[in-house]
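Student: Mind looking over this structure? Questions follow.
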Amino acid sequence: MLKNKQTITDSEYEIMKILWSSEEKMTVSDVVNALKNETWTPSTVSTFLQRLLKKEVVACDKKGKTNLYYPLLKQSEYDLNETESFLSKLYKGSVKNMVAALYENEKLSKEDISELRKMFDLE
């Protein structure tokens, strides 16, 4: 879980997605190369990684003069935290209220409803 309920910015999230997708620890250069549509410099990526280190969601090992970064926060933990925050903020913490709002505003297709029924069918 995020320490002290600190949030990850959208830019930091882009870095986290890259770290989560890698099976290896990554250098700043590795992260820069993995950013496909961004024009961030190594300095910018390094700044974001330093922020993530302070938030204690990323760790760093030193290998000589090279820093190797890896995530401490699991993507599943982050996703759950963000989902709970979203539900709490907009729907009083209720999944039922969220689904009802989607249904009432015709945002659920018949296929969505069918899949939800199957998912919650306990028989």
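The values are calculated or read from the model by the stated rules, or taken from the named source; none is laboratory data. Note that this is a predicted model, so its numbers are computed, not measured. Cβ: placed from backbone, ideal geometry, glycine included. Neighbour counts: every protein chain shown.
Student: Does the stretch 68-84 contain any residue that is aliphatic (A, V, I, L, M), surrounded by 13 or more Cβ atoms within 10 Å (Cβ to Cβ) and out of contact with any Asp or Glu (no Cβ under 9 Å at 6 or more places or on another chain)?
Tutor: no
Student: Determine whether the stretch 88-103 contains at least one residue that is under 13 Å from residue 8 (Cβ atoms) and either modelled with pLDDT under 85 or surrounded by 13 or more Cβ atoms within 10 Å (Cβ to Cβ) (or both).
Tutor: no
Student: Can residue 31 be described as touching a Pro at 6+ places or on another chain (Cβ under 7 Å), in contact (Cβ under 8 Å) with a residue 12 or more places away in the chain and of a type outside the set (S, T, N, Q)? Explain how you work it out, then say what you get.
Tutor: Numbers: touching a Pro at 6+ places or on another chain (Cβ under 7 Å): no; in contact (Cβ under 8 Å) with a residue 12 or more places away in the chain: yes; of a type outside the set (S, T, N, Q): yes.
So residue 31 fails the test.
Student: Let me ask another. Within the stretch 6-24, can one find any residue that is without any contact (Cβ under 8 Å) to a residue 24 or more places away in the chain, at positive phi and surrounded by 12 or more Cβ atoms within 10 Å (Cβ to Cβ)?
Tutor: No, because not a single residue in the stretch 6-24 is without any contact (Cβ under 8 Å) to a residue 24 or more places away in the chain, at positive phi and surrounded by 12 or more Cβ atoms within 10 Å (Cβ to Cβ).
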